Each structure stands twice: as structure tokens, then as C-alpha cells.
Amino acid sequence: ITYLRAPAGRVAVVKVGATCVGRIRAAYDDVVTRRGGGARSMSYGEPIPIEKGAELGVFETGSTVILLFEPGSVELDGRLTEGASVRMGEPIARTCARSAARG
């Protein structure tokens, strides 16, 4: 799980590896997860800056990413429906004016 401080507030990025995924790599660390390797937890003393649109991690074989936003911080794109495919770079939500003001 990667925790971000964003204009929309706090965001949790949960990377879920499918059963047959060989590994998941985080762009901000050299740690690599491997199938059957067990869970690991890493904490960083200082926040690691990540530019808007920069890569957070890579799945070596497909999987799922779950984004958790603070309540009322974003408005989901109306085209985003259950089961819809999302391509890298496509917008999925917009920051609500209320959360942008609190920034």
C-alpha cells in the first residue's frame, strides 16, 4: 500500500497481485515482491516526492489497483462504471472544489 498526500487529500494506493503474478515493483524503492514471498511492510522517515503522473509501480503480469480517497474529496468520472476498463492516463476522478480549497 502506498499512501499519498495529494491536492484531493490523503490517498491510499493498494496494489493487489493476482494469483499468478510473478512480482510487483514499486518505482520509489528497490524492493521487489515475489509470489510466495509473504507480506512486507516498509516505512520511510521522510516523504518521497512523486511527480504528478509519475509511475508508482509495475505489475509484471496484470492485476488490480484500488484507490481509496477521503470522503467527499473527489468526484468520479461519469464514464467510470463497474467492470469498465481503464487505460493508463485516463481520468477517473476530479478533485472536488471543497477538498482543493483545503489543499
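List of remarks:
- Approximating the spin labels as points 7 Å out from Cα along Cα→Cβ, the residue 85-to-residue 3 distance works out to 3.5 nm.
- Sorted peptide list for 76-83, 41-48, criterion being average Cβ within 10 angstrom, highest first: 76-83, 41-48
Quick note: the coordinates plus some simple rules give every number you see, no bench work behind them. Predicted model, so just to flag it, every value in this text is computed and none were measured. With ideal geometry, Cβ positions are generated from the backbone for all residues, glycine too; neighbour counts draw on all protein chains shown.
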